[in-house]
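Worksheet: the structure to be examined is printed underneath.
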Amino acid sequence: MITLLLAAGLAVWLLMQPEVIKSLPMALRVPVILLGIWSLGAGFVQPMQDQQRRGLLGQALSPKASLLMLLVFALVLVGCVVFV
């Protein structure tokens, strides 16, 4: 539930404040966008995931990995706001 709420909160924040990512140079913007796609997508998909899934995709969508990537993405966004 925490992962889903964090993903929803970050998605809404980015919809309301798109200049957070627009202020970055293109060389940094593309990796941040890709990290956001993966972390937000995993955050929304993880609660619906079949718990029996194994392999690389199962590890990438595990609760620990999803929460970790969401936290990394949130810290990157906060860093963009503070330092850029």
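The values are calculated or read from the model by the stated rules, or taken from the named source; none is laboratory data. All of these numbers come straight from a predicted model, not from anything done at the bench. Please note: Cβ atoms are built from the backbone with ideal geometry, for glycine as well, and neighbour counts cover all protein chains shown. Ligands, DNA and RNA are stripped out before the accessible areas are found, and what is left, the full protein with its side chains, is counted by its heavy atoms. Shrake-Rupley method; radii C 1.70, N 1.55, O 1.52, S 1.80 Å.
Residues in region 1-44 that are of a type in the set (S, T, N, Q) and within 12 Å of the chain's Cα centre (by Cα) were compared, and the one that is farthest from residue 78 (Cα to Cα) is 3.
Within region 55-76, residues that are closer than 14 Å to residue 37 by Cα reach partners that are open to solvent by 70 Å² or more (accessible area, probe 1.4 Å) and of a type in the set (Lys, Arg) with beta carbons closer than 8 Å, at six or more positions or on different chains, in the pairs 61/53.
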